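In what follows, a structure is listed as structure tokens, so that the remarks can point back to it.
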Ligand code: NAI
């Protein structure tokens, strides 16, 4: 099959080329993000391969379909950026990588949490400048604290396991409690989680139910000084509400790997320009906010899994086999 890879970074080229070593498919890499303007690049390709900030709304899918493209192979687990109803109407198949390395994301959430707690990002700069003062670096013991996990799927359960290892109590919220959850994971109503948790970590997908789940009303129910970590999807958090929470001190520490307007920012080097997202820039002014640019997935193991599963999905589609990881209008094969 001829596959057009959008939002292709050097690491995508490396790992996808390696997974396609037998050259079963002809893969072309495009730096451009897939949008209504760049969709014509896919002319003549049987499939497009897209990442989280590519736009797969109906207008883009119509263009792709008009070019004869029949397969959308997502290099991500999340599929909130695809208009699945439109894909279905057009008879296009959408496949994804369901769980490429839940450990990578869970471990990154813990990395944000630990850095925020002990302020290692501030300590790093201080020591380099010969400033060995400890004021402003006060952390707290994780042992005995209560951690709230919202979304106990692949990633949330691994995160819960790690935090239990630190001696934390785990409270969780999920409309579908997992049969794989260990006995120490206590499912509670969301309000109880907000009221009890010293740290809250978001591991749910972006859906109409979770869009701005963390809004002013939710924040008002949380403990004063709560630590909030989001490695899920940016729009699960209402950024304005979180900024208000930081200003009032209600939110004591904030760790983000995702941001609701990240399409305009993340994965690109914008250091030579001016960033005109005032809300994002406001976030970066807080000393108790740590932001990474959607890198939680970024480990060698995860990139290998993404590339291999993507190629296996394309193979299965090509051969008409049912083994691909298909996404069908909000339900998964
Ligand atoms: P998963 O599908 O295994 O688990 C998601 C869980 O969230 C499910 O148990 C589901 O029932 C639950 N859920 C759904 N609606 C909910 C709600 N309203 N409240 C609480 N829980 C709810 O997904 P997985 O693999 O654990 O990934 C979770 C999310 O992490 C993905 O949807 C994606 O948005 C994000 N992600 C972020 C990455 C990054 O690099 N930052 C990389 C990979 C995934």
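A short reminder: the numbers here are calculations on the coordinates, not readings from a lab. This structure is a prediction, so every number in the text was calculated from the model and none was measured. Cβ coordinates were reconstructed from backbone atoms using ideal geometry, including for glycine residues, and neighbour counts include every protein chain displayed.
Taken over the alpha carbons of the chain as equal point scatterers, the Debye sum produces base-10 log I(q)/I(0) values at 0.07, 0.08, 0.10, 0.12 Å⁻¹ of -0.31, -0.41, -0.63, -0.89.
Taking 0.36 nm per residue of separation and subtracting the Cα-Cα distance, what length does fully extending residue 240 through residue 127 add?
Numbers: separation 113, 0.36 × 113 = 40.68 nm, distance 3.34 nm.
Full extension from residue 240 to residue 127 adds 37.3 nm.
Report, to the nearest 10°, how far helix 239-248 tilts away from the longest principal axis of the Cα atoms in the chain, using its own Cα long axis and a range of 0 to 90°. Tilt of helix 239-248: around 10 degrees. Comparing 289, 274, 105 in a Gaussian network model of the chain where C-alpha atoms under 10 Å apart are linked, the largest mean-square fluctuation is found at 274. Arranged from fewest to most other beta-carbon atoms within 10 Å of their beta carbon, 215, 46, 278 become 278, 215, 46. Spatial offset of the stretch 139-184 relative to the stretch 74-125 amounts to 18 Å, using the alpha carbon center of each.
Helix 102-118 and the longest principal axis of the Cα set of the chain meet at an angle near 30°. In degrees between 0 and 90, to the nearest 10, how far off the longest principal axis of the chain does helix 154-165 point, with axes built from Cα atoms? Roughly 30 degrees between the two axes.
A Gaussian network model of the chain, with springs between Cα atoms under 10 Å, assigns the largest mean-square fluctuation among 21, 172, 220 to 21.
Given the rule -39500 (n - 2.57) for each run of at least 4 DSSP H residues, summed and divided by the residues of the chain, what is its mean residue ellipticity at 222 nm, to the nearest 500 deg cm²/dmol? Intermediate values should be presented prior to the final figure.
Working: 11 runs with 113 residues, N = 333.
Computed ellipticity for the chain at 222 nm equals -10000 deg cm²/dmol.
Estimated from the Cβ-Cβ distance and a Förster radius of 25 angstrom, the FRET efficiency linking residue 13 and residue 276 is about 0.25.
Tell me, what is the FRET efficiency for residue 321 and residue 59 to the nearest 0.05, using R0 = 25 angstrom and their Cβ-Cβ distance as r? The partial results should precede the final answer.
Values: r = 31 Å, r/R0 = 1.23.
In this case the efficiency is close to 0.20.
Take the Cα of residue 328, step 7 Å toward its Cβ, do the same at residue 23, and the gap between the two points is 3.7 nm.
What is the order of 271, 248, fewest Cβ neighbours within 10 Å to most? Mind dumping the intermediate values first?
Numbers: 271 6, 248 10.
By the 10 Å Cβ count, ascending, the order reads 271, 248.
Computed on the stretch 102-291, with alpha-carbon pairs under 8 angstrom and 6+ residues apart, the relative contact order is 19 percent. With a 10 Å cut-off between alpha carbons and a GNM built on the chain, which of 132, 184, 176 moves the most? Between 132, 184, 176, it is 132 that shows the largest mean-square fluctuation.
Roughly how many nanometres apart are two label points built 7 Å out from the Cα toward the Cβ at residue 140 and residue 191? My value for the distance between the label points is 2.3 nm.
As a footprinting exposure proxy, order 36, 110 by other Cβ within 10 Å, with the fewest listed first. Walk me through the numbers on the way to the answer.
Values: 36 13, 110 21.
By the 10 Å Cβ count, ascending, the order reads 36, 110.
Each of residue 261 and residue 161 was given a label point 7 Å from its Cα along the Cα-to-Cβ line. The distance between the two points is 3.9 nm.
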